[in-house]
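Below: one structure, written as structure tokens.
The values are calculated or read from the model by the stated rules, or taken from the named source; none is laboratory data. Keep in mind it's a predicted model, so treat the numbers as computed, not measured. For neighbour counting, all protein chains shown are included, and Cβ atoms are generated from backbone atoms with ideal geometry for every residue, glycine included.
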Amino acid sequence: MTTRYWKSFLWERLQKNIQQQGLSSAYMSLATIAVPSDGLPSPRVRTVVFRSFAGEHHTDALGWTSECLVVSTDRRSQKWQELALNPHYEACWYMNGTGEQFRLRGILHTYPSDLPMPLVESSGPARTPTPTMKLGNQAFLRRQQGQHFDWEAERQRHFGLLDDGLRATFCTDEQLTTLPITGLDDKGWYVSPAQAALDAAYENFALLVLTVKEMDYCSLAGDHELFTAKI
């Protein structure tokens, strides 16, 4: 069992694969447990996209750091209902560029939620938004106040970082194919030509926050390591 830090190892390998294969390297398979009508627990698996570690961005310094992987989801989805009953998960993340596989296990938290959320720590002085930052990160920094991490600010950040087409999939109006954001208002909320649709889409938008208890690593070259984490 290795004592190496799992997060930095995973992040370094992901960056290398993104350079070789593009953003498709951020796709992984997420398995959860469902209890269907027959009462027998059974696995459910789907492809999801790793968005970031909570409170972090690869180009904009936000002043926070964590060991929590963030995935976005729709509150109308089956997995949202399944996770309310059983928060355990396993993710299989194969990175084709380097021929490496990462299997992550742990507890998955949903947000919005009334339950306690995982720890996100300050990584330095409070940041202020600048015009060169991604709009979602600007919104995050405008909302994030004080010494405690604001999970609603994190949710708003990831909603703003979606591309316009993907954001439209959270709308209740299925005819919309794009949902642009053009700026921020005085309160730090997003401005859109389709404001009512944007506000409604946000109600359906949610975060899955993965805490990692164990990471099993292997490669086509024959390497294998088992990483454990404190959660």
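Observations, loosely collected:
- Qualifying residue in segment 153-172 (condition: surrounded by fewer than 15 Cβ atoms within 10 Å (Cβ to Cβ) and either touching an Asp or Glu at 6+ places or on another chain (Cβ under 8 Å) or modelled with pLDDT under 95 (or both)): yes
Here's the yes/no breakdown for (1) not polar (S, T, N, Q); (2) not in a loop (DSSP other than H, G, I, E, B):
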residue	(1), (2)
45	yes, yes
61	yes, no
76	yes, no
98	no, no
104	yes, yes
154	yes, yes
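- Just one residue in the set 200, 126 is surrounded by fewer than 18 Cβ atoms within 10 Å (Cβ to Cβ), part of a loop (DSSP other than H, G, I, E, B) and either of a type in the set (D, E, K, R) or out of contact with any strand residue (DSSP E or B) (no Cβ under 7 Å at 6 or more places or on another chain) (or both); that residue is 126.
- Identity of the residue in segment 70-93, out of contact with any Lys or Arg (no Cβ under 8 Å at 6 or more places or on another chain) and touching a residue at least 60 places away in the same chain (Cβ under 8 Å), that ends up farthest from residue 229 (Cα to Cα): 76
- Within segment 156-177, being closer than 15 Å to residue 199 by Cβ and part of a helix (DSSP H, G or I) holds for 156, 159, 160, 167, 168.
- Meets criteria (in a helix (DSSP H, G or I), in contact with a helix residue (DSSP H, G or I) (Cβ under 9 Å, 6 or more places away or on another chain) and either surrounded by fewer than 18 Cβ atoms within 10 Å (Cβ to Cβ) or free of Cβ contacts under 8 Å to residues at least 60 places away in the same chain (or both)) for residue 139: yes
- Residues of segment 19-43 classified as in a strand (DSSP E or B) and either surrounded by 14 or more Cβ atoms within 10 Å (Cβ to Cβ) or within 16 Å of the chain's Cα centre (by Cα) (or both), total: 8
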